[in-house]
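One structure is given below, encoded as structure tokens.
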Amino acid sequence: MSAGELPGRTVALRANSGGREDNLPPVTGATGVPWKARVGSPPLIVLAYERPERRGLVFARWTDPARVGRDRGRKRSLGVTVRDTAGRLNLDLVAAAERKLRAFYTDVLAGRDPGSELSGDSGEIASDSGTASPLTLRDGYALALRCDGTGLYARATRQHQDAQSAADTAMDVLGHGARWTDVTPARAAEVWRTLARRHCNEGRSGPRHAEVVVSTLYTVARWLRDNAYLPADACRAERTWRMRLKAEWEKLTGRTVAPRRPRHTETERRAIVAALPDADPRLRLAVALGAGLRLGQVLRVMRGDVALERTAECPHGRVVVRGRGRKPGETVDLTAEQRAEVDDALAGYLREYEAAYTPTCQNVLAESSGASSRMRPAPSTHAADGRVTDYALFPGGKLARGIARLRSERRVLDRRSALGMFHHLERSSGVEPVAGRGWYGIRRRSTDLPPRTPATLA
């Protein structure tokens, strides 16, 4: 199949096809899902087929005439995919897969180890002339940064956007056509050295940006190796590359590399506290419950994570803030002020949800503090009879006259919207927003408080 023809047609090879054997059988493709193609005729047929459960990789299956019994059936990854980032069949990728399939068939026919020259083993892609062309940075990033479930990301997120930006920067320095197999530690060092010079001349690309660019480069390379697009020893990182980056950055720029930890001053903190009563009620509750925690963790708190029962151990109740991945959670024993904010929220903007709320048997008071570090499975928000079994304390969307309307689907206030609310609060209080500070300034200010002081703004 050529790049300009639709799948499903039988394509005959021509004698002037760039040096290919003119006696090879045609490749027949199918338009079904998953994609399939085959080459050959009995007794030797090699079938290529797409495996969605393996990130969309194309595998080859054939019967080895040199073996007997059940061992005759063999399969191997071709190391390619045939779909673009939107999940559609890409004719160029289909053509590349067919070229690999022909080379694979030739190896099997000649009795050689099939696929030894394919990207699954050597990081190379067959060209139109039948020779092997290496996997370039452009192709490697395109494969790994798909957000259709077959790459590093299941969907388009802020992290995916940051990774794509880092990829663009790396390709701008090293070249879009650079080969992954040629990216040695010395070539990776060219990235941060170029960014350091750019920082001196133009004031762009700080050390943290350089670290993200190189880290993304190595993360993508590891994904390509794990998925048989690169050989096992290609583009491996030095264990001390971050230390080298910091030392060389300081030498090239003449500036000490230190983490930037912006805080709100005491005057700014008091101004923000004074303006809180006029802010969005969801922001007021978030600040009250988790000023010292990560914003994303606070926004994921569900009603089932809140225990309003007053006990000797927790006289004002308890809230379990769940963790995710390597970020641990925390169990918050409410203060009188925090309990008042929770009661105001349940009787205020959450009144419709609270009126329909029927709690399950789960009791967060019975959970140990270690359980807060585990992410709870997503609950079924609405039961069949219309009861609400759980709901988010910070629902997304706009409030209707200060009330979150009851919805059948679970919508949670996202981090970007919450930060927008916080920046609006800063401006209304006369505090100028600072890039990179936001909620972090409040969070770090709260954790800087003396021991035994509740992590709130009040």
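The values are calculated or read from the model by the stated rules, or taken from the named source; none is laboratory data. Keep in mind that what you see is a predicted model, and the values were worked out from it rather than measured. So basically every Cβ, Gly included, is an ideal-geometry build from the backbone, and we count neighbours across all protein chains shown.
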Mind checking whether some residue in the stretch 386-407 is polar (S, T, N, Q), at pLDDT 55 or above and farther than 26 Å from Ala312 by Cα? yes
Residue identified as among the small types (Gly, Ala, Ser) and in contact with a Lys or Arg (Cβ under 8 Å, 6 or more places away or on another chain) among Ala232, Ala228: Ala232
The correct count of residues that are farther than 14 Å from Leu230 by Cα and among the acidic types (Asp, Glu) in the stretch 135-150 is 1
Just a yes or no: is a residue in the stretch 219-239 of a type in the set (A, V, I, L, M), crowded, with 18+ Cβ neighbours inside 10 Å, assigned to a helix (DSSP H, G or I) and out of contact with any Phe, Trp or Tyr (no Cβ under 9 Å at 6 or more places or on another chain)? no
Name the strands (runs of 3 or more DSSP E) wholly inside the stretch 5-93 in which the number of residues that are modelled with pLDDT of 75 or more is 3 or more. 36-41, 44-51, 57-63, 73-77
Restricting the stretch 347-359 to residues that are free of Cβ contacts under 8 Å to residues at least 60 places away in the same chain and buried (at least 19 other Cβ atoms within 10 Å of the Cβ), the residue that is nearest to Val388 (Cα to Cα): Tyr353
Are any residues in the stretch 412-438 surrounded by fewer than 14 Cβ atoms within 10 Å (Cβ to Cβ), in a loop (DSSP other than H, G, I, E, B) and under 24 Å from the mean Cα position of the chain (by Cα), and if so, which ones? Ala435, Gly436
List pairs: first residue in the stretch 249-262 and part of a helix (DSSP H, G or I), second residue of a type in the set (Ser, Thr, Tyr) anywhere in the structure, Cβ distance under 9 angstrom, at least six positions apart or on different chains. Glu250/Thr256
Residue, nearest to Leu393 (Cα to Cα), within the stretch 292-328, restricted to residues that are basic (Lys, Arg), out of contact with any Lys or Arg (no Cβ under 7 Å at 6 or more places or on another chain) and not in a loop (DSSP other than H, G, I, E, B): Arg303
